[in-house]
Amino acid sequence: MVLKTAKGSAGIWLTDSAGRTLYLNTKDKKTASNCYDTCATKWPPLTTTKPVTVTGKYTVPKNLGTITRTDGTKQVTYGGHPLYYFKGDTAPHQIKGQGVDGAWFLIGPIANIMNGTKP
């Protein structure tokens, strides 16, 4: 699995290899997900069974990691932040989840929270 970056009006943020935008949840603790059940239906976690790499402007490969979810799956983290998709994003590079509930934000290439300021 390869993570990449996208660039748009919000700045530069992480995506998966298909261009699907990745988010972090500010209610999560670093290296621990708080998003399960109904939350995980709306915000599916980025999980993997294979090694993950990152490429793109400003990315820091050592920021990659995984955590083990309660169901035993491995969720990808970046800078300690568990990564998620937003079910409402239906095409590459969409950012419809940005700012939802004041807790969900794009994650920048240096593991920064994209809460309205560009990296």
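Computed from the coordinates by the stated procedures, all read-outs in this text should not be read as laboratory data. Nothing here was measured: the structure is a model prediction, and the numbers come from that model. Note that each Cβ is placed from the backbone with ideal geometry, even for glycine, and that neighbours are counted across all protein chains shown.
What percent does the relative contact order of segment 2-114 come to when contacts are Cα pairs within less than 8 Å and at least six residues apart? If you can, show how the numbers build up before the last one.
Working: 236 pairs, mean separation 39.4, N = 113.
Value for segment 2-114: 35 percent.
Read phi for every residue in segment 4-12 and hand back ³J(HN,Hα) as whole Hz from Karplus 6.51 cos²θ - 1.76 cosθ + 1.60, θ = phi - 60°, with x for Gly and Pro.
After applying 6.51 cos²θ - 1.76 cosθ + 1.60, I find 10, 10, 10, 10, x, 4, 8, x, 10 Hz.
Any idea how many Lys pairs in the chain come in under 13 angstrom at the alpha carbon, given 8 or more places apart or on separate chains? Intermediate values should be presented prior to the final figure.
Details: Lys4/Lys57; Lys7/Lys57; Lys7/Lys118; Lys42/Lys87; Lys42/Lys96; Lys50/Lys74; Lys87/Lys96.
Eligible lysine pairs with Cα atoms under 13 Å apart amount to 7.
Can you tell me the length gained on complete extension of the stretch Thr49 to Val100, counting 0.36 nm per residue apart and subtracting the Cα distance? If you can, show how the numbers build up before the last one.
On the way: separation 51, 0.36 × 51 = 18.36 nm, distance 2.86 nm.
Here the segment from Thr49 to Val100 would lengthen by 15.5 nm.
If neighbour count is taken as other Cβ atoms inside 10 Å, put Lys96, Lys62 in order from fewest to most.
On the way: Lys96 13, Lys62 7.
With the fewest neighbours first, Lys96, Lys62 line up as Lys62, Lys96.
Using just the C-alpha positions of segment 2-114 as equal point scatterers, what log10 of I(q)/I(0) does the Debye formula give at each q in 0.09, 0.14, 0.15, 0.21 1/Å?
Ignoring solvent entirely, the Cα scatterers give -0.19, -0.47, -0.55, -1.15.
Could you derive backbone 3J(HN,Hα) for segment 52-62 from the dihedral phi with the Karplus parameters 6.51, -1.76 and 1.60 (θ = phi - 60°), listing whole Hz in sequence and x where the residue is Gly or Pro?
For segment 52-62, the Karplus-derived couplings read 10, 10, 9, 9, x, 4, 6, 5, 10, x, 5 Hz, x marking Gly and Pro.
In deg cm²/dmol and to the nearest 500, what is the mean residue ellipticity at 222 nm of the chain if only DSSP H runs of at least 4 residues count, each as -39500 (n - 2.57), divided by the residue total?
On the way: 1 runs with 5 residues, N = 119.
Here the helix-only value at 222 nm equals -1000 deg cm²/dmol.
Indicate, rounded to the nearest 5 percent, the antiparallel portion of the DSSP beta bridges found entirely in the chain.
On the way: 23 of 25 bridges.
Percent antiparallel among DSSP bridges in the chain is about 90.
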